[in-house]
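Written below as structure tokens is the structure these notes are about.
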Amino acid sequence: MLGRKEVIQIKTRAEIYGQEATELLRLISMYPGISGRQLCRFYPEREGKIKTLLAHLEKQGRIVPTRSGEYFLHGRELTNSDNGMLRAIWVLLDFIDRVEFHSSGDFLAKILFFSNGELYEIVCVKSGQEALVTHAITRNGGCGGRRIVLIDDPEQIEVLDFPGISGFCTVDESGRVSYYKKMTEREM
């Protein structure tokens, strides 16, 4: 009597890479101009696979890379990357191992994310916009969460005062994030 034969189902490329490809397209759609380095940081220890998927999506015509390594969905304007958003992604990536959900925000909050059941906003304040942002956030009221304020220069900290600030940060050109906290009179 012959032994029983086992049937092994072989997965297609779409089944193997479908989930990751869908997630990459979602990230590129939410964060237009996201860099390849940033995309790889969303998937630690799978950099090779992510680069292969990006090349495959580009070959399919679904995404378009720029010469500087930023990605856009096909058909989107390639010059519309938001520098504040791209810097806010680096901040998000510092917390990514604890993030339950994240999404792009609006004018004031570049990125929203949940971590440990709490809502966080990454608010970008360009130099010279401190009064505008403070007024807009104070007038709008609280988000019910915490705010990480992304600034151009630590000197901005002294003039920023609105509800929900957990801390401040800067992002250098290499993507390194530095964090700051405003000291109260009691702490001085």
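The values are calculated or read from the model by the stated rules, or taken from the named source; none is laboratory data. Quick caveat, the model's predicted, so the values are computed rather than measured. Here Cβ is always computed from backbone atoms with ideal geometry, including for glycine, and neighbour counts include all displayed protein chains.
Can you say whether residue 94 is of a type in the set (Asp, Glu) and within 11 Å of the chain's Cα centre (by Cα), as far as the supplied structure shows?
The answer is yes for residue 94.
Inside the range 104-134, can you point out the residues that are loosely packed, with under 12 Cβ neighbours inside 10 Å and among the hydroxyl-bearing types (Ser, Thr, Tyr)?
Across the range 104-134, the qualifying residue is only 127.
Counting only residues that are charged (D, E, K, R) and part of a helix (DSSP H, G or I), which one in the range 89-109 is nearest to residue 151 (Cα to Cα)?
It comes out as 94.
Where the second residue is basic (Lys, Arg) and crowded, with 17+ Cβ neighbours inside 10 Å and the first is farther than 14 Å from residue 41 by Cα and lies in the range 170-182, which pairs have Cβ atoms under 7 Å and are six or more apart or on separate chains?
Correct list of pairs: 171/87.
Only one of these is under 26 Å from residue 157 (Cβ atoms) and touching a Cys at 6+ places or on another chain (Cβ under 6 Å): 84, 105. Name it.
Criteria check complete, one pass: 84.
Exactly one condition in (1) modelled with pLDDT under 90; (2) surrounded by 15 or more Cβ atoms within 10 Å (Cβ to Cβ) is false for residue 148; which is it?
Unmet for residue 148, out of (1) modelled with pLDDT under 90; (2) surrounded by 15 or more Cβ atoms within 10 Å (Cβ to Cβ): (1).
For the range 17-34, which residues satisfy the criterion of being of a type in the set (Gly, Ala, Ser) and in contact with a helix residue (DSSP H, G or I) (Cβ under 7 Å, 6 or more places away or on another chain)?
21, 33, listed by residue number.
When you check residue 84 against the structure, is it loosely packed, with under 11 Cβ neighbours inside 10 Å and at pLDDT below 95, yes or no?
no
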